[in-house]
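Data first, discussion second: the structure below is written as structure tokens.
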Amino acid sequence: MNYSKNEFSVSVKDGVLEVRKYSGRRRPMTLDLPDGKIVAEGRGEFGGYVEFIPNGKDKKSIRLDTGNVSSLFMFEGEVYFTPGLRHLSLNFGSLCRLKIQDGSLEPETALKFSDAPAVAAVYKGAIYAVTASGFSVIKDFKERAVLKDMFWGYLYPNSIAVIDDENIFIGMRSGIVKINLLKDDFTYFKCAAGEFGEMRNAPVKSPKPDAETCAEN
């Protein structure tokens, strides 16, 4: 599945899940603020940055080299981002609060992940984080690892979409995963027949799923 030609991204529109083909190219993330915008980019083992671009042509941007960044979002009225990396023997990451003050960017570590973060989303006062090999819920800046030792470490999770606690979806290479927080379990939907949109329900309860990949893979 790691060599699949198909990658899928997930999103929610009007309460309905949308699954689309994913190009594999992550664009810079942008967060609009009243006095400017935050731009962040992750380049894997090649690093990454967070940059504040203030409103007004005469004001200078402030850039902070952070290493790889996988998510950028607002939570409880503040800016957060997730630096971290899984590459070769490296596997680390954190949740950081970003302060803009006195012409500089000041990151504050709010939590250290047990695994490198891949994507994150905010839902009803909690942060849902997909890591390199698991899924965690963060409340009061404490991490609860819901799923551990998962199979998707090298399927490169690229997006997360939350409808409710029974319907949390992760987009990745070869298919998508649905998580049910009420049962702390998941279902893996793999690509079938080599066509986008043709997804076959293939429940997986092992870190190494025994499932065929798309015919085109």
Going residue by residue through segment 72-82, the Karplus relation 6.51 cos²θ - 1.76 cosθ + 1.60 with θ = phi - 60° gives ³J(HN,Hα) values, rounded to whole Hz and with x marking Gly or Pro, of 9, 6, 9, 8, 6, x, 10, 8, 10, 9, 10
The extension gain from Asp140 to Ile53, computed as 0.36 nm times the residue separation minus the Cα-Cα distance, is 28.3 nm
With springs connecting C-alpha atoms under 10 Å apart, model the chain as a Gaussian network and identify which of Lys99, Lys57, Lys183 has the largest mean-square fluctuation. Lys57
For Glu166 and Ile100, what does the FRET efficiency come to when R0 = 30 Å and r is the distance between their Cβ atoms, rounded to the nearest 0.05? 0.20
Under the Karplus relation with 6.51, -1.76 and 1.60 and θ = phi - 60°, whole-Hz ³J(HN,Hα) for segment 41-58, x at Gly and Pro, equal 9, x, 10, x, 5, 8, x, x, 7, 10, 9, 9, 10, x, 5, x, 5, 8
Centre separation in Å (Cα based) which lies between segment 78-123 and segment 24-44: 14 Å
Distant-in-sequence amide H partners of Gly67 (H built 1.01 Å from N, under 5 Å): Gly48
Translational diffusion coefficient, Stokes-Einstein: compute it for the chain using the Kirkwood radius over C-alpha pairs as Rh, at 4 °C and 1.567 mPa s, and state it as an integer in µm² s⁻¹. 72 µm²/s
Under a plain spin-label model, where a point goes 7 Å from the Cα along Cα-to-Cβ, how far apart in nm are Ser61 and Ser89? 3.6 nm
What order do you get for Ile179, Ile53 when you list them from fewest to most C-beta neighbours inside 10 Å? Ile53, Ile179
In which sequence would Asp102, Asp164 go, from the one with the fewest C-beta neighbours within 10 Å to the one with the most? Asp102, Asp164
Mean separation of Cα contacts under 8 Å (6+ apart) over length of the chain, as relative contact order %: 17 percent
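No value in this document is a laboratory result; all are computed from the given coordinates. Given the structure is predicted, the values throughout are model-derived calculations rather than measurements. All Cβ positions, even for glycine, are placed from backbone atoms using ideal geometry, and neighbour counts span all protein chains on display.
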